[in-house]
Amino acid sequence: MFYQTLSAKTWRNIWVVGDLHGCRAQLDSQLILHDFDKEHDLLLSVGDLIDRGPDSPGCLQLLQEPWFRCVRGNHEQMALSALEGQDPMLWMMNGGDWFWQLKGAELIAARHALKRCADLPLILHIELADRVVVIAHADYPASHYELGQDVDWHQVVWSRDRLGRHHRGTSASIEGASDFYFGHTPLEQPLNVANQHYIDTGAVFGNRLTLVRLQ
């Protein structure tokens, strides 16, 4: 599944959160702080639920929650490739060692949860009352957004080219949607430039976890 469409009418409040990387306790604290209502609110994730942090299995459990949606990050992609026998060392070197330390029922549960990541969309298209918001892990690699448009999925999950252009002062908006939210690259503060928002603030490295309210 490449694109997934959501209508905001179903939920009272909608939030988007930066890369979790196993920081489930930090997320739970933030949800309490923001009075998140699991009956009426929705939490969207820019991906990278797993690796490096203390509780990757706990973050994977979010995939079972009706109040949670997520796009696939490069760490989920590395895990899927490793489970298919493609370069498991790449995943291990990037924080996937937690998986290989599991045993018994925990290992089986984690394996099943990771395989479900293959069903995660790469792009979330959210139709709010007055605008369209797009969420992807690293980038939307085109100058114009269109629902269902064919783009390079590898760049959606991995690319830092656009962020590099922002840092070099050559920013440009992506036409076709109001706002785009990305993670992937840890920053000290959220970066809001043109109509793009980079919200991975490196929670796993001791910084704060960023949540942004969309509705």
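The values are calculated or read from the model by the stated rules, or taken from the named source; none is laboratory data. Owing to the predicted nature of the structure, the values given are computational and were not obtained by experimental measurement. Neighbour counts run over all protein chains shown; Cβ positions are idealised from the backbone, glycine included. Just so you know, the surface numbers come from the protein's heavy atoms only, side chains and all, with ligands and any DNA or RNA stripped out. Shrake-Rupley method; radii C 1.70, N 1.55, O 1.52, S 1.80 Å.
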Counting other C-beta atoms within 10 Å, and keeping those with at most 16, which DSSP coil GluC sites (Glu not before Pro) do you find in segment 34-143? E39, E84
In whole percent, how big is the carbon plus sulfur part of the accessible area of the chain, probe 1.4 Å, protein atoms only? 50 percent
Hand me the trypsin sites (Lys or Arg not before Pro) from segment 141-176 located in a DSSP loop with no more than 10 other Cβ atoms within 10 Å, in residue order please. R168
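Counting DSSP beta bridges in the chain, what percent are antiparallel, to the nearest 5?
Approximately 35 percent, going by the DSSP bridge assignments.
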14 Å cut-off, amide nitrogen to a point 7 angstrom out along L147 Cα→Cβ, residues in segment 57-74: none
Hand me the GluC sites (Glu not before Pro) from segment 130-215 located in a DSSP loop with no more than 13 other Cβ atoms within 10 Å, in residue order please. E146, E188
Using only Cα atoms, tell me the angle between helix 104-116 and the longest principal axis of the chain; keep it within 0 to 90° and round to the nearest 10. 30 degrees
To make sure I understand the rule: partners must be lysines, Cα under 27 Å from the Cα of K103, and not fewer than 8 residues away in the same chain. Which ones qualify? K115
Within the set of other residues whose C-beta is less than 14 Å from the C-beta of G96, count the net charge using Lys and Arg as +1 and Asp and Glu as -1. -4
So how compact is segment 33-73: Cα radius of gyration and Dmax in angstrom? 10.9, 31
What is the spin-label model distance, in nm, from E106 to Q189 if the labels are put 7 Å beyond Cα along the C-beta direction? 3.9 nm
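What accessible area per residue, rounded to a whole number of Å², is obtained for the chain using a probe radius of 1.4 Å?
Value returned for the chain: 46 Å² of accessible area per residue.
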Two decimals, Cα atoms only, Kirkwood Rh: what is Rg/Rh over segment 35-109? 1.02
Looking at the calculated P(r) for the chain, what percent of the C-alpha pair distances fall above 27 Å? 28 percent
Estimated dipole of segment 128-215 in Debye, rounded to 20 [Cβ of Lys and Arg +1, of Asp and Glu -1, Cα centre]: 320 debye
With Cα coordinates, the longest principal axis of the chain makes an angle with the long axis of helix 24-33, in degrees rounded to 10, of 40 degrees
So how tilted is helix 74-83 from the main axis of the chain? Cα-based, degrees 0 to 90, rounded to 10. 40 degrees
Given the alpha-carbon gyration tensor of segment 119-181, what are the semi-axes of its equivalent ellipsoid in whole angstrom, ordered largest first, with each equal to the square root of 5 times an eigenvalue? 19, 15, 10
If the convex hull of the alpha-carbon atoms of segment 53-175 is projected onto planes in all directions, what is the mean projected area in square nanometres? 9.6 nm²
